[in-house]
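Participant: The structure follows.
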Amino acid sequence: MAKGFASTADLGEKTITFAELGEGLYAFTTEGDPNSGVIVGGDGCIVVDAQATPAMAGKVIDKVRTVTDKPVKYVVLTHYHAVRVLGTSAYDAQEVIASDLTRGLIVERGQQDWDSEYGRFPRLFRGADSIPGLTWPTMTFEKQMSLWLGDREVRLMHLGRGHTMGDIVAWVPDAKVMYAGDLVEYGATPYCGDAHFTDWPATLDRLAGFGAHRLVPGRGEALTSPEMVAEGIAGTRGFLAALYGRVQDHVARGHELKETFDDVKAALTPDYGHWVIFEHCLPFNITRAFDEAKGLDHPRIWTDKRDQEMWAALQG
């Protein structure tokens with residue numbers, strides 16, 4: 001193949017940052033790798049997104065133990081992707097929480113996603129032999145629920161479809177801090193292989209309506225001011241609009257996927273080519289956008305075999 005597949009060549013070490021966003025509120029970020037959030041309250045902690053393996057989750061636990069000895073009561077999963085969820089067992093949490101829709105996606109495609117992402121991101125799956133199996137939530141909800149850490153409320157909400165159909169956010173009202181998962185990225189390319197392009201902008205509108213003072217994106221550094229929050233949301237929205245609008249135009253003209261991919265990539269590279277995982281994401285993103293523009297509402301399931309076939313067809 002002309003290009004190394006996905007992120008298989010990205011094997012360098014990344015620098016971990018554990019940023020304090022407010023009293024008891026932290027962002028675990030790693031130079032564009034998947035982020036985790038930590039919320040500390042009166043009687044315990046919440047970890048938002050678990051990392052890809054228990055061994056990788058151990059890096060988050062090490063940082064948590066520098067600020068508190070309280071137990072991790074809850075692991076909150078913003079969506080179902082393997083790089084976010086398969087490390088959950090390391091936390092020994094009382095409850096693992098996700099949306100009803102996310103649980104349904106695990107039933108439908110959890111194993112296929114694990115196999116797919118393992119092939120794309122070898123560095124993120126260090127210690128893969130420590131994964132005990134698929135991660136299953138022990139609690140789910142439809143639209144909204146509140147967790148209480150002593151007197152601190154953490155509100156979990158499904159604001160609409162976007163990065164996946166089941167995305168949730170974690171909102172800390174007393175500090176106006178939002179943990180957004182992959183609905184928002186900062187300096188990192190949104191992965192859209194399971195996305196709902198038509199719905200995502202309205203979901204971002206609802207998220208922006210909370211007026212967060214700080215926000216933890218799915219990838220990229222923590223956003224530590226209202227101005228940075230607005231920038232992160234606007235950047236994500238702009239990327240989605242640029243990609244999907246151009247794909248829609250190609251579909252309307254009756255063009256094939258390969259022609260669409262080549263043109264959209266050329267058009268987006270000047271503005272977004274420097275974003276983390278741009279080369280990795282774009283074939284998956286354009287393939288999904290092409291399907292949605294042709295009327296396929298429910299994303300097709302990615303498998304390790306389909307990944308390789310698609311990559312060869314578009315990048316080979």
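Participant: Enter the mean projected area of the convex hull around the alpha-carbon atoms of region 17-315, in nm², rounded to one decimal.
Facilitator: Details: hull surface 55.1 nm².
About 13.8 nm², averaged over all directions.
Participant: Extension gain Arg300-Val67, at 0.36 nm per residue separation less the Cα-Cα distance, in nm? Walk me through the intermediate numbers first.
Facilitator: On the way: separation 233, 0.36 × 233 = 83.88 nm, distance 4.20 nm.
Residue separation times 0.36 nm, minus the Cα-Cα distance, leaves 79.7 nm.
Participant: Then there is this: Considering only lysines 8 or more places apart in sequence, or on different chains, count the pairs in the chain whose C-alpha atoms sit under 18 Å apart.
Facilitator: For the chain, the number of qualifying lysine pairs is 9.
Participant: Quick one: order Ile16, Ile46, Ile168 by neighbouring beta-carbon count within 10 Å, fewest to most.
Facilitator: Working: Ile16 14, Ile46 26, Ile168 29.
Exposure proxy ranking, most exposed first: Ile16, Ile46, Ile168.
Participant: Which percent, nearest 5, of DSSP beta bridges in region 157-311 are antiparallel?
Facilitator: 50 percent
Participant: Still on this structure, I have one more. Let me know the charge dipole size of region 17-315 about its Cα centre in debye, to the nearest 20, where only the beta-carbon of Lys, Arg (+1) and Asp, Glu (-1) is charged.
Facilitator: Approximately 120 debye in magnitude.
Participant: Only counting other Cβ atoms within 10 Å, I'd like His280, His213, His298 sorted with the fewest neighbours first.
Facilitator: Placing the least packed residue first, the sequence is His298, His213, His280.
Participant: Taking the simple approach of a point 7 Å from Cα along Cα-to-Cβ for both Glu227 and Asp249, what is their distance in nm?
Facilitator: 3.3 nm
Participant: Further, regarding this structure: Which whole-Hz ³J(HN,Hα) couplings does region 74-91 yield from phi under the Karplus relation 6.51 cos²θ - 1.76 cosθ + 1.60, θ = phi - 60°, glycine and proline marked x?
Facilitator: Here the 3J(HN,Hα) series is 9, 10, 9, 9, 6, 6, 9, 4, 4, 5, 9, 10, 6, x, 4, 4, 5, 7 Hz.
Participant: For the residues Asp33, Asp151, Asp249, what sequence is obtained by ranking on other C-beta atoms within 10 Å, fewest first?
Facilitator: Least crowded to most crowded, the residues run Asp151, Asp249, Asp33.
Participant: Using only the alpha-carbon atoms, how far is helix 54-64 inclined from the longest principal axis of the chain? Give it as 0 to 90 degrees, nearest 10.
Facilitator: 50 degrees
Participant: Compute the helix-to-body angle for 100-120: its Cα long axis versus the longest principal axis of the chain, expressed 0 to 90° and rounded to tens.
Facilitator: Once rounded, the angle reads 70 degrees.
Participant: State the answer as a single residue: which of Gly133, Ala170, Val107 lies farthest towards the positive end of the charge dipole of region 79-179, with beta carbon charges of +1 for Lys and Arg and -1 for Asp and Glu, about the Cα centre.
Facilitator: Ala170
Participant: Between region 256-282 and region 172-239, what is the C-alpha centre distance in whole Å?
Facilitator: 21 Å
Participant: Compute the distance in nm between two label points, each set 7 Å from the Cα along the Cα-to-Cβ direction, one at Thr17 and one at Asp129.
Facilitator: So the two model labels end up 3.5 nm from each other.
Participant: Same structure again: Counting alpha carbon pairs within less than 8 Å and at least 6 residues apart, what relative contact order, in whole percent, applies to region 17-315? Please report the intermediate quantities before stating the final value.
Facilitator: Details: 613 pairs, mean separation 49.5, N = 299.
With pairs under 8 Å counted, the relative contact order is 17 percent.
Participant: Enumerate by residue number the chymotrypsin sites (Phe, Trp or Tyr not before Pro) in region 183-226 meeting two conditions: DSSP loop (anything except H, G, I, E, B), and at most 15 other Cβ atoms within 10 Å of the site's Cβ.
Facilitator: Loop-located and lightly packed - none at all.
We did not get these values from a lab; they are worked out from the coordinates using the rules stated. Keep in mind that this is a model prediction, so the values were computed, not measured. Cβ coordinates were reconstructed from backbone atoms using ideal geometry, including for glycine residues, and neighbour counts include every protein chain displayed.
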